[in-house]
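Here the structure comes first, spelled out in structure tokens, and everything after it is commentary.
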Number of protein chains: 2
Amino acid sequence: MLKKLIYLTIATQMTLFALLSCTSSSDSDIQMKYQSIADTLIDEILTDDTMWDRLTHLVDYYPRRLSGSQMLEDAIDWMVSEMEQDGFDEVRTQDVMVPHWVRGNEFATLIRPDQRNMPMLGLGGSIGTGGHPIRGEVIVVKDFDELDARSADIPGKIVLFNYEYETYGQAVQYRVHGATRAAAHGAKAALIRSVTQFSMQTPHTGGMRYQEGIPKIPIAAITVEDASYMHRMQNRGETIEVEFYMEAETLPDALSRNIIAEITGSEKPEEIVLIGCHIDSWDVGQGAMDDAGGCLVTWEALRAIHNLGLIPRRTIRLVHFTNEENGIRGAIDYRDKVIGNGEIKQHVLALEVDFGVFTPHGFGFTGSDGAMPVLREIAGLLSSIGVTEVREGSSGTVDIGPLNQEGVPIMGLDVDTERYFWYHHTHADTIDILTKEDVQKCAAAVAVMAFVVADMEQRLDKIE
Amino acid sequence: MLKKLIYLTIATQMTLFALLSCTSSSDSDIQMKYQSIADTLIDEILTDDTMWDRLTHLVDYYPRRLSGSQMLEDAIDWMVSEMEQDGFDEVRTQDVMVPHWVRGNEFATLIRPDQRNMPMLGLGGSIGTGGHPIRGEVIVVKDFDELDARSADIPGKIVLFNYEYETYGQAVQYRVHGATRAAAHGAKAALIRSVTQFSMQTPHTGGMRYQEGIPKIPIAAITVEDASYMHRMQNRGETIEVEFYMEAETLPDALSRNIIAEITGSEKPEEIVLIGCHIDSWDVGQGAMDDAGGCLVTWEALRAIHNLGLIPRRTIRLVHFTNEENGIRGAIDYRDKVIGNGEIKQHVLALEVDFGVFTPHGFGFTGSDGAMPVLREIAGLLSSIGVTEVREGSSGTVDIGPLNQEGVPIMGLDVDTERYFWYHHTHADTIDILTKEDVQKCAAAVAVMAFVVADMEQRLDKIE
């Protein structure tokens, strides 16, 4: 009965919408034109459990979707199969060759001044320890400057970077470049304090890079607590000794896929509003917030638009990119190979959800100043779910960065990220940290933004 | 220079205090009599890093202070040695025979429908798995009622209690009695969802009990996330299979000690205000908040009073109880054997700190209604550090419970406990979760409360 009432309401709104589409020739009054459509989309998404059930299914049955793994490909197969049932105009995959790093077994043990196991995670891309544990004295430094200053102490030692998290951008430098910087001074291995502002004995993995001409040494993340402990102990004059073991290795590139699904535009099908996420994850936890949630949110946005029979002027294209975490190959191949010649210029907007799917409050936008007032008007349609802000600069948009380099305006969904880096790249990134209500709100926000940008008369990327 | 000024201030206050002690014959104006003393104590504690340094030293060098362990006895030796340097009137230990449960190696593995290691902690007091892993199908129940309803399914199975935390008091029943309840239906082993409202893949240990006449089966805690996952999978019709291994065993009772230190009262040395904590901890993490923090706070309270040369009318006795976690033998022996005949009746108040040493805001009191207004006046002396409330009922007072059974009024320090059960009995209970400022405020609150109750004319326990 309730469902019937909803459909009646939708029908009424469709009529109103059709009327408005014919009579209005400007986007100056977005609210008048799209508020009822927006409300219908919001209602559709907030009253349907399909997305939540699919998200839970995806992460429970296909956790640890690291590039190169069978699990990732199985997840893609399942998602494609579900999308085909959704009845979109097109569902296809695009082959992408991706890096294939495997963790293998690993452990870390504190030998002195205490004896105990230490939670650890090898960093993605690291070499292993050569088939046997590495054992040695640890030199703790607080940053690269202290490393350089203590250069004479480093040869043959294990360097621990105990860099205190203030911003992700600063702290992640130690994850990415720590091995190379330590190796340049003669270290035989490196450890980092996990990149996070909060820990419950939680190691965080993530990508690292070697530099040509500098020896490759293994590198792993330990917990904030253990890094702090070792620093305190070093300050007390204690000798620190650890043993750690990693079977990590990089295998030949493997075949993976981007997933692409569309609602074809009614008037300008060649013009594209892209909404996306990344389907790969690290090989720990469930990759629920990073980024299964983003995938389900963008997918649900497309599904809700489709289910309501809404056909925008332009095409809305859903892209689930592969290999964001350790290569961005899906994103680069989408830009360079997947889309046809000249098609980049037809991307009106690219919107990614990859900064968690917690309570949403707005969008970040990297594009022309002139587009901002229009986007703010669109965000105004979402005030009933607390999404109102549009700020300059976008977060969680790694996969659409390559498009932005070619001039495509990009956008990220802004959510409450207070706890994002608590869980980032950890065993604790599971469905338990998300709520159905938040994820639904995220999907509703994306659906409304994507639909209006795809449907409004002005091309967003042409607004100066 | 600053230190000199402080001492001058103290000298002035001492004079004022002596004057007031002689001229006032009632406690009706506690503020007038004790505010300057309180401020001096607060200032003394908030400007001295000794406690924080000692706390950090204790937990870094003596973590995992489980009853029966050498680590606990080493910690006690170090604390006694430090207390002797503090110059208290008396520092002694009292022998207590304590249970000696040892964890040994342990692990849990999910076999179906996914294959992966699961974080786990065997429960204190549990038997082991008999020298080999136990493998079997898991039946997930949400509570004891569902267990009883599914009695026919249980024989030979591993029961998982996935009881959702609402209050500690309810949830802990599954930790304490889960093994017995499952065994009564024929289960071969039991698992519990860890007792907490927040988890980052964090298993929580804690005490359990067997019941005579019911077979003993091994029991361990897994994470909230894994328990939820298995429940979801069972609801989807999946068969759940796990393997787990525990070397746990209970050895013969071992010798431990309570630590007792005193400032002897000037007028009524036989009357005692007890302040205390427990020095043992579980065998994971550092036992920083549970309860090294409580020990350092009560110790610092005594030290600050002593350092300022304050001698109350009654004796203030510091008791660091042993074996709170899995036996309460220290507390029982203190009541039954340690103190002399009739001495219980001379306990004017017992105050324990064992509910964390986060930001303090007041006290909980279990005693006569008549004492409440007096205690509220004393708490009023602490408003500068945000400690103001005195409520009925006390928390974190397990070790002084046996005294309360004999009529001694008891009190607990109330702090911000929002995160207490996040860390409770986990690897994550380390110094990292505490701040110097909070711990100092806790110590200042205890110092002022203990000093005034020990010094005021009225005997607190005699107020009707």
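Overview of values
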read-out	value
Tally of residues being facing chain B (nearest Cβ under 8 Å), under 18 Å from A:Asn258 (Cα atoms) and either touching a Pro at 6+ places or on another chain (Cβ under 6 Å) or assigned to a helix (DSSP H, G or I) (or both) across region A:52-67	0
Any chance A:Ile272 is aliphatic (A, V, I, L, M), part of a loop (DSSP other than H, G, I, E, B), more than 14 Å from chain B (Cβ to nearest Cβ) and over 20 Å from the mean Cα position of the chain (by Cα)	no
Region A:356-365: number of residues that are over 14 Å from the mean Cα position of the chain (by Cα) and part of a loop (DSSP other than H, G, I, E, B)	1
Qualifying residues in region B:84-107 (those that are part of a strand (DSSP E or B) and within 14 Å of another protein chain (Cβ to nearest Cβ)) - the one surrounded by the fewest Cβ atoms within 10 Å (Cβ to Cβ)	B:Phe107
Long-range neighbours under 8 Å by Cβ, at least six apart or interchain, first residue within 14 Å of chain A (Cβ to nearest Cβ) and closer than 18 Å to B:Arg175 by Cβ within region B:114-130, second at pLDDT 95 or above and surrounded by fewer than 20 Cβ atoms within 10 Å (Cβ to Cβ)	B:Met118/B:Thr109; B:Met120/B:Glu106; B:Met120/B:Phe107; B:Leu121/B:Glu106
Selection within region B:189-219 - within 17 Å of A:Gln201 (Cα to Cα), touching a helix residue (DSSP H, G or I) at 6+ places or on another chain (Cβ under 8 Å) and of a type in the set (Val, Ile, Thr)	B:Thr196, B:Thr202
Qualifying residue in region A:417-433 (condition: more than 14 Å from every other protein chain (Cβ to nearest Cβ) and crowded, with 24+ Cβ neighbours inside 10 Å)	no
Identity of the residue in region B:168-186, buried (at least 24 other Cβ atoms within 10 Å of the Cβ) and touching a residue at least 40 places away in the same chain (Cβ under 8 Å), that ends up farthest from B:Gly125 (Cα to Cα)	B:Gly178
Which numbered condition B:Asp43 fails, given (1) farther than 21 Å from B:Phe451 by Cβ; (2) surrounded by fewer than 19 Cβ atoms within 10 Å (Cβ to Cβ); (3) modelled with pLDDT of 95 or more	(1)
Residue within region B:240-251 that is assigned to a loop (DSSP other than H, G, I, E, B) and within 14 Å of chain A (Cβ to nearest Cβ) present	yes
Residue ranges of helices (runs of 4 or more DSSP H) in region B:366-464 with at least 2 members touching a residue at least 24 places away in the same chain (Cβ under 8 Å) and either in contact with a Cys (Cβ under 6 Å, 6 or more places away or on another chain) or of a type in the set (Lys, Arg) (or both)	B:436-455
Meets criteria (in contact with a strand residue (DSSP E or B) (Cβ under 7 Å, 6 or more places away or on another chain) and away from chain A (no Cβ under 14 Å)) for B:Val374	no
Complete set of residues in region B:138-163 that are closer than 20 Å to B:Thr223 by Cβ and over 32 Å from the mean Cα position of the chain (by Cα)	B:Val138, B:Ile139
Condition check for B:Val319: in contact (Cβ under 8 Å) with a residue 40 or more places away in the chain, part of a loop (DSSP other than H, G, I, E, B) and either within 14 Å of chain A (Cβ to nearest Cβ) or crowded, with 24+ Cβ neighbours inside 10 Å (or both)	no
Total residues in region B:205-239, condition more than 11 Å from every other protein chain (Cβ to nearest Cβ) and part of a loop (DSSP other than H, G, I, E, B)	15
Test result for B:Ala288, of a type in the set (Gly, Ala, Ser), farther than 21 Å from B:Val448 by Cβ and modelled with pLDDT of 95 or more	yes
Residue in region B:264-282 that is within 30 Å of A:Gly285 (Cβ to Cβ) and out of contact with any Lys or Arg (no Cβ under 6 Å at 6 or more places or on another chain) present	yes
Cross-chain or 6+ apart pairs with Cβ under 6 Å, region B:131-145 first and over 16 Å from B:Thr180 (Cα atoms) and outside the structural domain of B:Thr239 (by TED's automatic domain parsing), then outside any helix (DSSP H, G or I) and at pLDDT below 95	none
Restricting region B:328-343 to residues that are modelled with pLDDT under 95 and not in a helix (DSSP H, G or I), the residue that is surrounded by the most Cβ atoms within 10 Å (Cβ to Cβ)	B:Ile339
Test set (1) modelled with pLDDT of 95 or more; (2) more than 14 Å from chain A (Cβ to nearest Cβ) - B:Glu464 fails condition number	(1)
Single condition A:Phe451 does not satisfy, out of (1) in contact with a Phe, Trp or Tyr (Cβ under 6 Å, 6 or more places away or on another chain); (2) buried (at least 24 other Cβ atoms within 10 Å of the Cβ); (3) not polar (S, T, N, Q)	(1)
Condition check for B:Met246: surrounded by 17 or more Cβ atoms within 10 Å (Cβ to Cβ), touching a helix residue (DSSP H, G or I) at 6+ places or on another chain (Cβ under 9 Å) and not charged (D, E, K, R)	no
Selection count where residues are loosely packed, with under 15 Cβ neighbours inside 10 Å and either closer than 25 Å to B:Ser81 by Cβ or within 24 Å of the chain's Cα centre (by Cα) (or both), scope region B:252-262	1
Matching residues in region B:411-460 - criterion: being in contact with a helix residue (DSSP H, G or I) (Cβ under 6 Å, 6 or more places away or on another chain) and among the basic types (Lys, Arg)	B:Lys436, B:Lys441
Filter result for A:Val353 (among the β-branched types (Val, Ile, Thr) and under 21 Å from the mean Cα position of the chain (by Cα))	yes
Neighbours by Cβ (under 9 Å, 6+ apart or cross-chain): first from region A:280-307, within 14 Å of another protein chain (Cβ to nearest Cβ) and surrounded by 24 or more Cβ atoms within 10 Å (Cβ to Cβ); second in a helix (DSSP H, G or I) and of a type in the set (S, T, N, Q)	A:Ala288/A:Thr56
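The values are calculated or read from the model by the stated rules, or taken from the named source; none is laboratory data. Small disclaimer: the values here were computed from a predicted structure and weren't measured. FYI the Cβ positions are ideal-geometry reconstructions off the backbone, even for glycines, and counts take in every protein chain you see.
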